[in-house]
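The values are calculated or read from the model by the stated rules, or taken from the named source; none is laboratory data. Because the structure is predicted, anything quoted here is derived from the model rather than measured. Here the Cβ positions follow ideal geometry from the backbone for every residue, glycine too, while neighbour counts run over all protein chains shown. Please note that ligands, DNA and RNA were not included when accessible areas were found on the heavy atoms of the full protein model with its side chains. Shrake-Rupley method; radii C 1.70, N 1.55, O 1.52, S 1.80 Å.
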Amino acid sequence: MEAKKDKWDASHRSWPLPKLPWTMTQTWNDLLFAHYPIDIKVLREIVPKALPLDTYNGKGWIGIVPFHMTNIRLRGTPRVPGTDSFAELNVRTYVTINGKPGVFFFSLDAENLFAVKVAQTVYRLPYVHAEMNVSKSESFIDYKSKRRQGVDARLECRYRPTSEIFYAERGSFEEWLTERYCLYTLSKKGDPLRCDILHPQWPLQQAEAEFQVNTMLSEQGIQVEDNLPILHFSKSIEVRMWPLVSAMND
């Protein structure tokens, strides 16, 4: 009988995990990946110069990713009710340093104010407090998000998977979009920092979505080439996160 694979096996990552203990675990649920093409020159103007852009076939991509998180806890601690689950909405693109492809976030909207403050401080990420609601009707996920302050960045949509689960083939567009095992941000001095992450390979599905309101890009000054996104869905994935380290010392 074939041995059961450890869900925290890291052999599918393209570089070793840090020689540090992981710090946080969480589960991401009902994710929609909505990706829009963007001209490289336009993308270069809105991503910090310290972060080299990553492109696919010469094209840049912006992703809007709504989902909700559960089972959030720090290593060695139990889940804390009120902080262990909340909705989140990311606007992201892709960068790479020293052969380590990762994610750069333009914004991360979240409904939990405590989590927003902690993530801003610990991971130096541009979290924003938002009013959010996630519900299910028939086979659809209904998702609403509206910033509580600042620009009128909103998302109202419904989405669902439309295919069987598949795993991205090596070298495919889907692999390039999703199989990224770190995020990048900047230190106070503007130097690149990396947070390594670990999860199984993404169980993906094709998806469909209806967007009633979507100002997540326009309100943040992001101009894409096509307003019809490429869509993927993933039901759930467990994640571990490591501390921030310098991205230039590898």
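Okay, residues lined up against (1) open to solvent by 20 Å² or more (accessible area, probe 1.4 Å); (2) within 15 Å of the chain's Cα centre (by Cα); (3) modelled with pLDDT of 95 or more:
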position: VAL42; (1), (2), (3): yes, no, yes
position: GLU45; (1), (2), (3): yes, no, yes
position: LEU53; (1), (2), (3): yes, no, yes
position: ILE64; (1), (2), (3): no, yes, yes
position: HIS68; (1), (2), (3): yes, yes, yes
position: ARG75; (1), (2), (3): yes, no, no
position: GLU88; (1), (2), (3): no, yes, yes
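Among residues of segment 119-138 that are under 27 Å from GLY190 (Cβ atoms), those with a beta-carbon under 9 Å from a residue that is open to solvent by 40 Å² or more (accessible area, probe 1.4 Å) and part of a helix (DSSP H, G or I) at least six positions away or on a different chain give the pairs PRO126/GLN120; TYR127/LYS117; TYR127/VAL118; TYR127/GLN120; HIS129/LEU113; HIS129/LYS117. Going residue by residue through segment 231-243, is there one that turns out to be touching a strand residue (DSSP E or B) at 6+ places or on another chain (Cβ under 6 Å), among the β-branched types (Val, Ile, Thr), surrounded by 14 or more Cβ atoms within 10 Å (Cβ to Cβ) and not in a loop (DSSP other than H, G, I, E, B)? Yes; the residues of segment 231-243 include at least one that is touching a strand residue (DSSP E or B) at 6+ places or on another chain (Cβ under 6 Å), among the β-branched types (Val, Ile, Thr), surrounded by 14 or more Cβ atoms within 10 Å (Cβ to Cβ) and not in a loop (DSSP other than H, G, I, E, B). Among the conditions (1) farther than 16 Å from ARG180 by Cβ; (2) surrounded by fewer than 21 Cβ atoms within 10 Å (Cβ to Cβ), THR96 misses just one, which is (1). Looking only at residues that are among the hydrophobic types (A, V, I, L, M, F, W, C) and surrounded by fewer than 17 Cβ atoms within 10 Å (Cβ to Cβ) in segment 155-175, which one is farthest from PRO16 (Cα to Cα)? Step by step, filter segment 155-175, then rank; the result is ILE165.
Scan segment 24-33 for residues that are open to solvent by less than 30 Å² (accessible area, probe 1.4 Å) and either in contact with a helix residue (DSSP H, G or I) (Cβ under 8 Å, 6 or more places away or on another chain) or within 18 Å of LEU183 (Cα to Cα) (or both) and report the count.
Of segment 24-33, the ones open to solvent by less than 30 Å² (accessible area, probe 1.4 Å) are 25-27, 29-33.
Now narrow it down to the ones that are either in contact with a helix residue (DSSP H, G or I) (Cβ under 8 Å, 6 or more places away or on another chain) or within 18 Å of LEU183 (Cα to Cα) (or both): 25-27, 31, 33.
The total comes to 5.
The set of residues in segment 219-230 being closer than 22 Å to ASP142 by Cβ, open to solvent by 70 Å² or more (accessible area, probe 1.4 Å) and not acidic (Asp, Glu) consists of ASN227, LEU228.
Among the residues making up segment 79-133, those that are assigned to a strand (DSSP E or B) and of a type in the set (Gly, Ala, Ser) are ALA87, GLY102, SER107, ALA110, ALA130. Within segment 176-199, the set of residues being open to solvent by 50 Å² or more (accessible area, probe 1.4 Å) and either closer than 27 Å to ALA130 by Cβ or within 18 Å of the chain's Cα centre (by Cα) (or both) comprises just one member, LYS188.
Given the criteria of a type in the set (Lys, Arg) and free of Cβ contacts under 8 Å to residues at least 24 places away in the same chain, does LYS41 qualify?
Details: of a type in the set (Lys, Arg): yes; free of Cβ contacts under 8 Å to residues at least 24 places away in the same chain: yes.
Judged against the criteria, LYS41 is a match.
Would you be able to say whether some residue in segment 5-23 is β-branched (Val, Ile, Thr) and surrounded by 18 or more Cβ atoms within 10 Å (Cβ to Cβ)? No.
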